1. Could we say that GLU328 is loosely packed, with under 15 Cβ neighbours inside 10 Å and farther than 28 Å from HIS59 by Cα here?
2. When residues of the range 86-124 are filtered for being of a type in the set (Asp, Glu) and without any contact (Cβ under 8 Å) to a residue 24 or more places away in the chain, how many remain?
3. So is GLU229 under 30 Å from SER265 (Cα atoms), acidic (Asp, Glu), outside the structural domain of SER124 (by the TED database) and surrounded by 15 or more Cβ atoms within 10 Å (Cβ to Cβ) or not?
4. Which of the residues spanning the range 214-235 are in contact with a Ser or Thr (Cβ under 7 Å, 6 or more places away or on another chain) and among the charged types (D, E, K, R)?
5. Filter the range 258-276 down to the residues that are under 31 Å from the mean Cα position of the chain (by Cα), open to solvent by 40 Å² or more (accessible area, probe 1.4 Å) and in contact (Cβ under 8 Å) with a residue 24 or more places away in the chain and list them by number.
6. Filter the range 65-123 for residues that are among the acidic types (Asp, Glu) and outside any helix (DSSP H, G or I); which is least open to solvent (accessible area, probe 1.4 Å)?
7. What number of residues within the range 52-77 satisfy the criterion of being of a type outside the set (Ser, Thr, Tyr) and within 20 Å of ASN3 (Cα to Cα)?
8. Filter the range 80-107 down to the residues that are β-branched (Val, Ile, Thr) and under 22 Å from ASN3 (Cα atoms) and list them by number.
Amino acid sequence: MVNTLSHLGVGLLIALALGFKGKKRNVVAFLSILPDLDFIPYTLFFLLSSSVSHETRTHLFYFLGHREFMHSILFIFLVTLFIWLRTKDRLFTAAGFAAILSHSYLDYATSWKMRPLFPFSTESSIMGAVYFFDPIANLLPLLPIFIVLVGYQKNRGRWNGKFNRFCTFVTNNRRSLYRTLAVVLLVWIIVLPVAKFFLVNQISEAEGTRISYQGTYPVSPGKFLAAYEYNNTHFKIMEISYLSGIGRSDFIEKINSTGSVPDASAYAERAGKLYSTAFPQEIDYPVFSVSENGDNGTVTVLLSDARNSYVENWAYFRTVYRFVFDKESGEYEAYASEQTGRERRLERNYFG
């Protein structure tokens, strides 16, 4: 998930490298941020989701959710087809395709699960090879934006006497500069997933088990958070990097019971089954904390990801679900809190 401004810069870079100006340049740049306009249907989803059945809610989420349908291959194909039918311009169509594809690819390569094959498959996946704040993926695309901004100001008689040498250099090396930047960015975002593949294989061999490529997430440039099921009761969490291999590692208990809670495992299992029917699915390595409140006859189960304590300022893993089960009736209430700590009550149709 690269920031929106950098997405825009990638679109501009594609347009400038192909020599587009004016309206064509602006349209290609817009296409590079088009998928993030799904915040509009996502708002509609929130308005409708509480008043429909669980099944309908799930289908609405697939189509209207953030980083769902509008980040899929089918959406990219439909937009590209629309451009071709409207313009019959091969180069412009190819540029539009590259711009919108770059957005979905960069999001897929960083830190958020997506459903790229929807509606043909509802399985979510992620590459997770590029750090969220990767300097090249985020900063290099800002240069085309700066170049366009300087040109805009110069054309309107502003910034006279400023950036003259820079403008001269860009003017004299326009095509080669843009193409060099495009090649550097392209090579970078292709090499990193391959490098991660070899790193994960190396760690898998060292641990004598299969480490999940998708379950290994970047936490800083060149450093990842990996996990696997060590045994029936614990997960093993590791910080790994290209330079030092396995760094810090810990064992996280799957079910932790506070006090003596009868059937703690049964309550944890029930919470896990409820969560498995919900969307989105943020938790890959579920851990449960079970406690009993004798005053009101309830059992509380906190469900989170085993990697939560390793990730700071990153909302993806920080969601914690709280289930409150009534011991007599079996009824439950469910809540969710994210990194901000603000807890919200979940509607019953959130779960199947």
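The values are calculated or read from the model by the stated rules, or taken from the named source; none is laboratory data. The structure presented is a predicted model; accordingly, all values stated were derived computationally and were not measured. Here the Cβ is made from the backbone with ideal geometry for all residues, glycine too, and neighbour counts use every protein chain on show. Only protein heavy atoms, including side chains, enter the accessible area calculation; ligands, DNA and RNA are left aside. Shrake-Rupley method; radii C 1.70, N 1.55, O 1.52, S 1.80 Å.
1. yes
2. Number of matching residues: 2.
3. Spelling it out, it is not the case that GLU229 is under 30 Å from SER265 (Cα atoms), acidic (Asp, Glu), outside the structural domain of SER124 (by the TED database) and surrounded by 15 or more Cβ atoms within 10 Å (Cβ to Cβ).
4. LYS223
5. TYR267, ARG270
6. Once the filter is applied, the top-ranked residue is GLU68.
7. 8
8. Within the range 80-107, just ILE100 meets the criteria.
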